[in-house]
1. Counting only residues that are of a type in the set (Ser, Thr, Tyr) and surrounded by 21 or more Cβ atoms within 10 Å (Cβ to Cβ), which one in region 129-162 is farthest from the chain's Cα centre (by Cα)?
2. Please work out which residue is surrounded by the most Cβ atoms within 10 Å (Cβ to Cβ), limiting yourself to region 594-619 and to residues that are within 26 Å of the chain's Cα centre (by Cα) and in a loop (DSSP other than H, G, I, E, B).
3. Considering every residue within region 343-358, establish whether at least one is part of a helix (DSSP H, G or I) and of a type in the set (Phe, Trp, Tyr).
4. Can you pull out every residue in region 305-342 that is in contact with a Leu (Cβ under 7 Å, 6 or more places away or on another chain) and in a strand (DSSP E or B)?
5. Which one of 181, 147 is without any contact (Cβ under 8 Å) to a residue 60 or more places away in the chain and at positive phi?
6. Would you check which residues across region 163-180 are of a type in the set (A, V, I, L, M) and open to solvent by 10 Å² or more (accessible area, probe 1.4 Å) and list them?
7. Sort out which residues of region 246-278 are under 28 Å from residue 314 (Cα atoms), out of contact with any helix residue (DSSP H, G or I) (no Cβ under 8 Å at 6 or more places or on another chain) and surrounded by fewer than 20 Cβ atoms within 10 Å (Cβ to Cβ), and write them in order of number.
8. Can you confirm whether region 192-208 contains a residue that is farther than 30 Å from residue 600 by Cα, part of a loop (DSSP other than H, G, I, E, B) and open to solvent by less than 40 Å² (accessible area, probe 1.4 Å)?
Amino acid sequence: MARLFLSSRIERRLFSSLSPIALTLLAGVGACNFSRNDQPAATATTPADSSASSTPTVMASASAAPLDPPQESPLLAPQESPSEAPIESPSLSPIASPSPLGSSLVSPLSDASPLSDLPLRFPAPGSAPQLPHSRIAALKGKISRARILAAYRELAEIYVVHGQYALAAQTYREEAAEYRRKGLMDAAIIEELKAARYDPKTQLFLERAATQRELDSLYSGAPAEPFTGCYISAFIDRDPKLSQTFFDENFQLHRTPEEWERVSGKPHGSLWMYLAYGQKFPRAWIARLKAAGVVPHIAWEPKSLAQVRNDAYLRSFAQACREMDWPIMIRFASEMNGRWTPYHGNPKLYREKFALVHKVLHRFAPRVATIWCVNNPPLGNAHDYYPGDNNCDWVGVNFYSVPYYENKRNRPAFEDSPLALLDPIYKRYAARKPIAICEFAASHRAAIDNRLRNDFAIQKMSILYGALPRLYPRVKMVGWFNMNTLRLGLPGKTLNDYTLTDQRAVLNTYRRIVASPYFLGRFQTLGDPRPPLPRPLIAGTTVRGIARFSVWSNFQLSGAQTYFQFGPKIVYASARPGAHEINLDLARGPFGRQIVTASVYDARDRLVSRVTSTVNITR
């Protein structure tokens, strides 16, 4: 069956191409969160290196310097002035219905937020040892005199132990710059991941309807691209808990979109399958998805590049796409940057073949969307395979969250963030191409120890899906690889269970997250309503009625705690990972200028960051 289980390779290639020095450094890498800087508006404070005490000082900060200087995003138009008109809240679910990310409507004057999972009070700071200032001075001296790499690392580790996360991140970045200067790129990447792990940047957001300028900046006009929002996608064909099946022309078994909708709680805008280049066009599968309003996504993979020619097979496939009269995504020869694919190793020939496929498909079927898709890791020379802006429609990336890279105990990945694997592709291509996360999943069971880890899967899922509307609005599709490679993987490969249906807690989290209208369950047409967007909160924004605030922090280490204050009162407190939504009913006030504050603490109850802004509440 058509490279049916080539996706069981998913993490066998993880970090397979890194150099020995990078693999040595990898043991120290943890959760890392690169974030695109849309337009900072709130003021922020973080604990600083203090000779007096290592206990962070809580600083109210209307006058503090911004965390980053204000700048316009290259992908989102600047927000229109909040003083022009009050922001009308979008239509909301009934008050009794929780919002997708796990908060519900509360009065800012009520005693508790129903979905807070922490007491509504700041933690009492625990005792912490004094910073070893003499050792810090000695290490800084070594760095100043000779830029000793080990000194950077030891200094950063001291800062981490003492909760000085901003200084730790800065030191790791300086170390990465030294590695780059020496030409050790793999090692530089590892240190940059460590820096991102401890980045304390925190942002406040407010959900509202997008302006026309924002809509224009978010849409590039690619085939099958939604105007705003993000298609949710999944690979469901190897889930034995889905009982409704049918076959296509190649006798490949498929599960039905209708049953998946019932199980996942929502229709999915796209589903994907794997097809070997040379096999028959899967007309029955595409027709079934079209009837359900689902965009088909085909991972089309040749046995070799020599197989791909401008011949009757390619032209007939393109004509069949046209006859369907429906958007079809074609992910041709993906993961070409990995040595496990048969079309790796000749970037020039690959570019030529991809361009050929793109041009023939579009000559016959203008509704087809071609996706050029890499795997991360390794990136290496992945960009050498890029066929050019004129020869692909979307840019995609595949990545997975696993407890152990390659199921090796000396390569733990418990604190690694999926955002670190998305970020390099997003930064390079999102300004000109819609981005597709073609394959993602987070393991809840690994072969190395067969231990159930629902919390791990929930954490990584929450981080990725929570970040997309806030930090990565040009990601227009995200796909979950719903398969258990422990049962169905190839012998000798690293194996994990990624199925959503195996664990109720994991499935419930997924259902809650994708319930957001931002995640699209059907092909989006011109007349469809545009989902509201969480946008960075601009100080002084006028709000009335129901307000959906949210908090995002790059600091996503296990045990991180997030608190939201409306005025002096804490109305939300949670240790959940990902984004935090706080929906406030402001119809009865308090009116006028109000201060809103988000605070993040680490697992040892030390302040990591605090950001403050203002809103103007009107009737």
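The values are calculated or read from the model by the stated rules, or taken from the named source; none is laboratory data. Treat the numbers as computed from the prediction; the structure is a model and nothing was measured. Counting neighbours? That spans all protein chains shown, and the Cβs are built from the backbone with ideal geometry, glycine included. Note: areas computed on protein heavy atoms with side chains; ligands, DNA, RNA excluded. Shrake-Rupley method; radii C 1.70, N 1.55, O 1.52, S 1.80 Å.
1. Applying the first criterion (of a type in the set (Ser, Thr, Tyr)) to region 129-162 yields 134, 144, 152, 159.
Narrowing the set further to residues that are surrounded by 21 or more Cβ atoms within 10 Å (Cβ to Cβ) leaves 152, 159.
Numbers: 152: 29, 159: 27 Å.
The extreme case among them is 152.
2. Only one residue tops the list, namely 602.
3. Filtering region 343-358 for residues part of a helix (DSSP H, G or I) gives 347-358.
Adding the requirement that they be of a type in the set (Phe, Trp, Tyr) leaves 350, 354.
There is at least one residue in region 343-358 that is part of a helix (DSSP H, G or I) and of a type in the set (Phe, Trp, Tyr).
4. Hit for region 305-342 is 330, nothing else.
5. Values: 181 fails: at positive phi.
Just a single option satisfies the conditions, and that option is 147.
6. As a first pass, look at region 163-180 and keep what is of a type in the set (A, V, I, L, M): 166-169, 176-177.
166, 167, 177 - these are the residues of region 163-180 that are of a type in the set (A, V, I, L, M) and open to solvent by 10 Å² or more (accessible area, probe 1.4 Å).
7. 250, 251, 253, 276
8. Going through region 192-208, the residues farther than 30 Å from residue 600 by Cα turn out to be none.
The answer is no, given that none of the residues of region 192-208 is farther than 30 Å from residue 600 by Cα, part of a loop (DSSP other than H, G, I, E, B) and open to solvent by less than 40 Å² (accessible area, probe 1.4 Å).
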